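Enquirer: Okay, handing you the structure first.
The values are calculated or read from the model by the stated rules, or taken from the named source; none is laboratory data. Treat the numbers as computed from the prediction; the structure is a model and nothing was measured. Heads up, the Cβs are rebuilt from the backbone with ideal geometry, glycines too, and the neighbour counts pull from every protein chain shown.
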Amino acid sequence: MSGVRHLVSIDDLSLPEMRELFAFAAKFQADMRAHSHIGRGLISASLFYEASTRTRLSFESAMLRLGGGTITAADMRTSSASKGESLADTVRVVGGGYADVIVLRHPSEGAARLAAQYSSVPVINAGDGSHEHPTQTLCDLYNLWVERGRIEGLDVVLAGDLRYSRTIHSFAYALARFGANLVCVPAPGYELPDYVVLRLREEFGVEPQRADASRLGDLASSSDAVYLTPQKPHQLSLFTDARGLSIERVDAVYMTRPQTERHPDGARGLENYVQLGKRSLAAESLRDAVVMHPLPRRDEISDDIDSDPRSIYFKQAARGVPIRMAILGYLLGVVKLATDQRPPEPHFYNVPSTTNPCPNPTCIARTEPRHVTAMFKLTSRFPLRAHCAYCSHELKFHFVGCSTTLHYHSPESPDLRKVRSDHFVFLRDADEAARLGYAPAVKPKT
Ligand code: CP
């Protein structure tokens, strides 16, 4: 709905907006009980289709500390979702007078995007499958801003399950936008997904470099590290040798648990999962690093470093309240920012209803197709590449048709430049093209 500001992705906020939100959060944090006039009369609704401790309770605490009220469906199995009510209908009802803002957690990637299409009040994505968790990222960035005084140029290690962790994906996009460097230390088999790396490269100009992680000590012993930097390769040449870029000193280590609830094969392959304990923190490169974790943790951070002054994960969770006060206040229009710099509106194109080229089986476009208008975002015109507007996965297709001429082309064909983007039809193969009435633009030679 036009005019309503949603927070579906971390891309929905500009860098100046984020910096001002950090300043507001610091003001709220300085005296958490002094702001209960700001949100008086306003109500937030928590719709949690997945379990949560921190995100739901910190949002509700934030709303109460602003002087507003909360209504909550902490377990959607006790709601009418269990009777088959769709997400689209649920947000239309809840946003239609019950609440002024909806905080939504859902197991399908893209659920918050779908909810935003149907909601007349702001929708805040509190985690959608393995896709994004933008308010956790704002919390994490706020922590870096408080602890380090800046985000620009920091070296941040991302460790653990980089494939299925939504907090990692939103955090990586935001760090890249701020000009921080990422050192990826995945658990073996849990590297960043291709679609995330592609986006980091194509949209944020981030360059992956092989990295010599020997100075990370124990932390990287069972994994290869990859350094992702928004700097140009020639700016790094002084620091590289035959073994790759040398990681000398890092500013933060961000650890994540294995996201087993989203692993297609359960808990298999976790024997060599990265671990952080007293021994790993002894590495010279981690001397001044803060240790972060979105929590909940399992065994990947041992209790013996909880009292180490570098371990900030419990402070990090506590700071979730003031930053969420700032987010709620801003989206509700009661916290005013000085900047009017908004991020560019995402430009989405619809896919004709006959095809759905999203390859991701847990995308909302697949799990709740009834209310979805399949949409894509163009990331490259030549060769043609596009991503699902809901879950961000790269669309898989062999041919691209034009819905007016009913001709189809290969994604590398220069003739595609003449086809309007809103006329694209993504076709899996020649059989699908023929079934939908499309003919090749160039007849195959006989
Ligand atoms: N960090 C986080 O999202 O925690 P919860 O799952 O407890 O909300």
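Enquirer: Check 50, 20, 85, 109 and return the single one that is without any contact (Cβ under 8 Å) to a residue 40 or more places away in the chain and closer than 26 Å to residue 131 by Cα. Working first, answer last.
Expert: On the way: 50 fails: without any contact (Cβ under 8 Å) to a residue 40 or more places away in the chain; 20 fails: without any contact (Cβ under 8 Å) to a residue 40 or more places away in the chain; 109 fails: without any contact (Cβ under 8 Å) to a residue 40 or more places away in the chain.
From the options 50, 20, 85, 109, the qualifying one is 85.
Enquirer: Among the residues of region 281-322, count how many are of a type in the set (A, V, I, L, M, F, W, C) and away from the ligand (no atom under 16 Å from the Cβ).
Expert: Narrowing region 281-322 to residues of a type in the set (A, V, I, L, M, F, W, C): 281-283, 286, 289-292, 295, 301, 305, 312, 314, 317-318, 321.
Those still in the list that are away from the ligand (no atom under 16 Å from the Cβ) too: 281-283, 286, 289-290, 305.
The qualifying residues number 7.
Enquirer: Ok, one more. So in region 369-384, with the set limited to residues that are assigned to a strand (DSSP E or B) and modelled with pLDDT of 90 or more, which one is surrounded by the most Cβ atoms within 10 Å (Cβ to Cβ)?
Expert: Going through the qualifying residues, I end up with 376.
Enquirer: May I ask you to verify whether residue 403 is more than 27 Å from residue 87 (Cβ to Cβ), surrounded by fewer than 19 Cβ atoms within 10 Å (Cβ to Cβ) and in contact with a helix residue (DSSP H, G or I) (Cβ under 7 Å, 6 or more places away or on another chain)?
Expert: Judged against the criteria, residue 403 is a match.
Enquirer: May I ask you to list the residues in region 51-84 that are away from the ligand (no atom under 16 Å from the Cβ), in contact with a Gly (Cβ under 8 Å, 6 or more places away or on another chain) and hydrophobic (A, V, I, L, M, F, W, C)?
Expert: The one that is away from the ligand (no atom under 16 Å from the Cβ), in contact with a Gly (Cβ under 8 Å, 6 or more places away or on another chain) and hydrophobic (A, V, I, L, M, F, W, C): 66.
Enquirer: Working carefully through the options 124, 151, find the one that is surrounded by 23 or more Cβ atoms within 10 Å (Cβ to Cβ) and assigned to a loop (DSSP other than H, G, I, E, B).
Expert: On the way: 124 fails: assigned to a loop (DSSP other than H, G, I, E, B).
Only one candidate passes the filter, namely 151.
Enquirer: Another question about this same structure. Give the residues of region 342-358 that are over 16 Å from residue 117 (Cβ atoms) and of a type in the set (Phe, Trp, Tyr), sorted by residue number.
Expert: none
Enquirer: Please state which one of 314, 348 is modelled with pLDDT under 95 and either touching a Pro at 6+ places or on another chain (Cβ under 7 Å) or of a type in the set (A, V, I, L, M, F, W, C) (or both).
Expert: Result of the check over 314, 348: 348.
Enquirer: Which residues, taken from region 385-434, are part of a loop (DSSP other than H, G, I, E, B) and within 23 Å of residue 368 (Cα to Cα)?
Expert: Correct list: 389, 390, 391, 392, 393, 395, 396, 397, 428.
Enquirer: From the residues in region 122-169 that are hydroxyl-bearing (Ser, Thr, Tyr) and over 22 Å from residue 330 (Cβ atoms), which one is nearest to the ligand (Cβ to nearest atom)?
Expert: The extreme case among them is 165.
Enquirer: Considering region 2-50 alone, what residues qualify as being within 15 Å of the ligand (Cβ to nearest atom) and of a type in the set (Phe, Trp, Tyr)?
Expert: Matches in region 2-50: 48, 49.
Enquirer: If the Cβ limit is 8 Å and pairs must be 6+ apart or interchain, which residue in region 294-308 that is outside any loop (DSSP other than H, G, I, E, B) pairs with which residue that is within 14 Å of the ligand (Cβ to nearest atom) and among the aromatic types (Phe, Trp, Tyr)?
Expert: Pairs that qualify, where the first residue is outside any loop (DSSP other than H, G, I, E, B) and the partner is within 14 Å of the ligand (Cβ to nearest atom) and among the aromatic types (Phe, Trp, Tyr), are 301/313.
Enquirer: Of (1) farther than 29 Å from residue 114 by Cβ; (2) touching a Leu at 6+ places or on another chain (Cβ under 8 Å); (3) not in a helix (DSSP H, G or I), residue 33 satisfies all except one. Which?
Expert: (2) is the only condition that residue 33 fails.
Enquirer: Answer yes or no: is there a residue in region 198-213 that is farther than 16 Å from residue 292 by Cα, in contact (Cβ under 8 Å) with a residue 24 or more places away in the chain, basic (Lys, Arg) and within 16 Å of the ligand (Cβ to nearest atom).
Expert: Filtering region 198-213 down to residues farther than 16 Å from residue 292 by Cα leaves 198-213.
Among the residues that remain, those that are also in contact (Cβ under 8 Å) with a residue 24 or more places away in the chain are: 198-200, 202-207, 209-213.
Narrowing the set further to residues that are basic (Lys, Arg) leaves 199, 210.
From what is left, the residues that are within 16 Å of the ligand (Cβ to nearest atom) are none.
No, because not a single residue in region 198-213 is farther than 16 Å from residue 292 by Cα, in contact (Cβ under 8 Å) with a residue 24 or more places away in the chain, basic (Lys, Arg) and within 16 Å of the ligand (Cβ to nearest atom).
Enquirer: Here is a further query. Output yes when any residue across region 83-95 is modelled with pLDDT of 95 or more, more than 25 Å from residue 389 (Cα to Cα) and among the aliphatic types (A, V, I, L, M), and no when none is.
Expert: no
Enquirer: If you go through region 266-280 one residue at a time, do you hit one that is more than 26 Å from residue 4 (Cα to Cα), within 16 Å of the ligand (Cβ to nearest atom) and either in a helix (DSSP H, G or I) or in the same structural domain as residue 62 (by TED's automatic domain parsing) (or both)?
Expert: no
Enquirer: Another one. Of the conditions (1) within 16 Å of the ligand (Cβ to nearest atom); (2) buried (at least 16 other Cβ atoms within 10 Å of the Cβ), residue 87 satisfies every one except a single condition; which number is it?
Expert: Failed condition: (1).
Enquirer: Also, quick follow-up: Suppose we filter 51, 26, 30 for residues that are among the aliphatic types (A, V, I, L, M), in contact with a helix residue (DSSP H, G or I) (Cβ under 8 Å, 6 or more places away or on another chain), at pLDDT 95 or above and under 25 Å from residue 295 (Cα atoms); which single one remains?
Expert: 26
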